[in-house]
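Participant: This is the structure, below, for whatever I ask next.
The values are calculated or read from the model by the stated rules, or taken from the named source; none is laboratory data. These figures come from a predicted structure and were not determined experimentally. Reconstructed Cβ throughout: ideal geometry from the backbone, glycine too, with neighbour counts over all protein chains shown.
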């Protein structure tokens with residue numbers, strides 16, 4: 001008998017992960033509805049719109065439909081073009097023009113893949129949504145909250161991109177692949193006879209299918225991008241040593257494309273949108289003791305203790321993490337101080353905090369810093385390996 005509690009919609013991209021997630025739920029007795037979201041107008045974003053590996057491509061939609069037909073479940077395409085443009089594309093462009101490096105996948109998970117998809121689940125009378133993310137979710141009755149953990153496959157773990165999800169979203173979420181490795185997922189696809197078993201993975205941004213974000217920014221804001229060309233590249237002591245092609249086209253830590261001849265390699269240290277300028281310098285100046293972050297969300301708890309917590313902090317998706325100490329001030333700003341200096345802490349990216357395999361929470365990096373308010377101690381001497389760079 002069909003009930004709301006037994007009905008689940010699965011976000012299907014046409015790839016192996018979401019296809020296996022749907023198939024496993026069918027085997028477990030759920031009433032599954034496959035849903036593929038259309039997030040942008042293909043003719044507007046440019047690039048290689050026929051790229052079959054793009055998670056939201058036309059080919060992806062068709063592949064998801066074929067998988068649903070094979071599994072004997074309904075397939076629906078929903079048009080989220082307008083909310084995706086407002087919440088993700090506009091944000092992506094604005095962040096670069098504000099001198100920051102955005103993380104659109106994190107924001108898309110909250111606003112679109114959960115926020116909008118849960119509204120669709122309500123319309124379809126479904127209690128749950130499921131995705132092919134490699135992450136594990138557990139309900140802790142003692143705490144009265146859902147706790148999020150890394151996927152068993154450490155190489156594929158996607159918990160980092162889920163830190164923005166609130167408890168009310170997690171309460172209606174299923175992660176069928178959390179206990180599987182990528183190899184096991186492909187084996188399951190072969191067992192189930194799914195045609196996508198060996199389909200290659202997608203790595204580029206769905207709405208920048210040629211992976212050329214410079215082209216995308218120029219296309220979306222041609223006049224603004226043109227006006228920013230020719231600004232100064234400054235040395236760390238303030239002298240002009242070159243000319244950039246538009247500050248939005250650079251990121252912290254970038255070395256290539258500066259067009260500067262110098263006795264030692266130079267890297268982008270700061271982006272100064274108010275001055276239409278870049279600051280560059282040697283690699284050792286990329287290292288900082290910590291950061292502060294905003295838009296903070298806690299998953300493991302309502303808030304961390306006032307005295308702070310030790311943790312492992314990741315400052316980018318592929319970061320292995322580093323030992324750190326974190327606390328919040330009275331304004332809600334999250335401070336993170338590392339045991340050793342970290343390279344290229346980048347405003348706009350996410351800092352995500354872990355206790356072992358459990359994700360505690362995270363925030364959007366506002367700035368790096370080397371001085372901190374209480375409750376930290378004085379910085380330790382810079383480690384010799386940093387001095388030797």
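Participant: Scan the range 1-23 residue by residue and report those that are within 18 Å of residue 204 (Cα to Cα) and either outside the structural domain of residue 125 (by TED's automatic domain parsing) or at pLDDT 95 or above (or both). Let's see the steps before the verdict.
Facilitator: First, pick out the residues of the range 1-23 that are within 18 Å of residue 204 (Cα to Cα): 12-18.
Those that are within 18 Å of residue 204 (Cα to Cα) and either outside the structural domain of residue 125 (by TED's automatic domain parsing) or at pLDDT 95 or above (or both): 12, 16, 17, 18.
Participant: Okay, next question. For the range 137-150, enumerate the residues that are farther than 9 Å from residue 358 by Cα and part of a strand (DSSP E or B).
Facilitator: As a first pass, look at the range 137-150 and keep what is farther than 9 Å from residue 358 by Cα: 137-146.
If the condition is that a residue be farther than 9 Å from residue 358 by Cα and part of a strand (DSSP E or B), then 137, 138, 139, 140, 145, 146 are the ones that fit.
Participant: Out of the range 25-50, which residues are under 19 Å from residue 113 (Cβ atoms), modelled with pLDDT of 95 or more and assigned to a helix (DSSP H, G or I)?
Facilitator: 25
Participant: If we scan the range 150-162, do we find a residue that is over 27 Å from residue 6 (Cβ atoms) and more than 19 Å from the chain's Cα centre (by Cα)?
Facilitator: no
Participant: Same structure, new question: Select from the range 136-148 the residues that are over 17 Å from residue 182 (Cα atoms) and buried (at least 19 other Cβ atoms within 10 Å of the Cβ) and list them in ascending order.
Facilitator: Within the range 136-148, 137, 146, 148 qualify.
Participant: Still on this structure: I'm trying to understand the selection: among the residues of the range 338-360, which are touching a helix residue (DSSP H, G or I) at 6+ places or on another chain (Cβ under 7 Å) and part of a strand (DSSP E or B)?
Facilitator: Filtering the range 338-360 down to residues touching a helix residue (DSSP H, G or I) at 6+ places or on another chain (Cβ under 7 Å) leaves 341, 343-344, 348, 350, 352, 359.
341, 343, 350, 352, 359 - these are the residues of the range 338-360 that are touching a helix residue (DSSP H, G or I) at 6+ places or on another chain (Cβ under 7 Å) and part of a strand (DSSP E or B).
Participant: Output the strands (runs of 3 or more DSSP E) that fall wholly within the range 260-335 and possess 1 or more residues being at pLDDT 95 or above, outside the structural domain of residue 133 (by TED's automatic domain parsing) and within 22 Å of residue 356 (Cβ to Cβ), or say none. Even if it seems obvious, please write down each step before you answer.
Facilitator: Working: elements: 267-272, 277-281, 287-298, 309-314, 322-328.
Correct list: 287-298, 309-314, 322-328.
Per-residue answers, yes or no, for (1) exposed (fewer than 14 other Cβ atoms within 10 Å of the Cβ); (2) out of contact with any strand residue (DSSP E or B) (no Cβ under 6 Å at 6 or more places or on another chain); (3) under 30 Å from residue 248 (Cβ atoms):
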| site | (1), (2), (3) |
| --- | --- |
| 71 | no, yes, no |
| 86 | yes, yes, yes |
| 90 | yes, yes, yes |
| 96 | no, yes, yes |
| 103 | no, no, yes |
| 121 | no, no, no |
| 127 | no, yes, no |
| 134 | no, yes, no |
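Participant: In addition: Cβ-Cβ distance below 8 Å, separation of 6 or more or different chains: which pairs start in the range 314-332 with a residue that is touching a residue at least 60 places away in the same chain (Cβ under 8 Å) and end on one that is surrounded by 14 or more Cβ atoms within 10 Å (Cβ to Cβ) and in a loop (DSSP other than H, G, I, E, B)?
Facilitator: Taking only residues 6 or more apart or on different chains, the pairs are 314/321; 317/103.
Participant: Could you list, in sequence order, the residues of the range 227-256 that are in contact with a helix residue (DSSP H, G or I) (Cβ under 8 Å, 6 or more places away or on another chain) and either farther than 14 Å from residue 266 by Cα or surrounded by fewer than 20 Cβ atoms within 10 Å (Cβ to Cβ) (or both)? Quick ask: steps written out before the conclusion?
Facilitator: Let us first name the residues in the range 227-256 that are in contact with a helix residue (DSSP H, G or I) (Cβ under 8 Å, 6 or more places away or on another chain), namely 228, 231-232, 236, 246-249, 252-253.
If the condition is that a residue be in contact with a helix residue (DSSP H, G or I) (Cβ under 8 Å, 6 or more places away or on another chain) and either farther than 14 Å from residue 266 by Cα or surrounded by fewer than 20 Cβ atoms within 10 Å (Cβ to Cβ) (or both), then 228, 231, 232, 236, 246, 247, 248, 249, 253 are the ones that fit.
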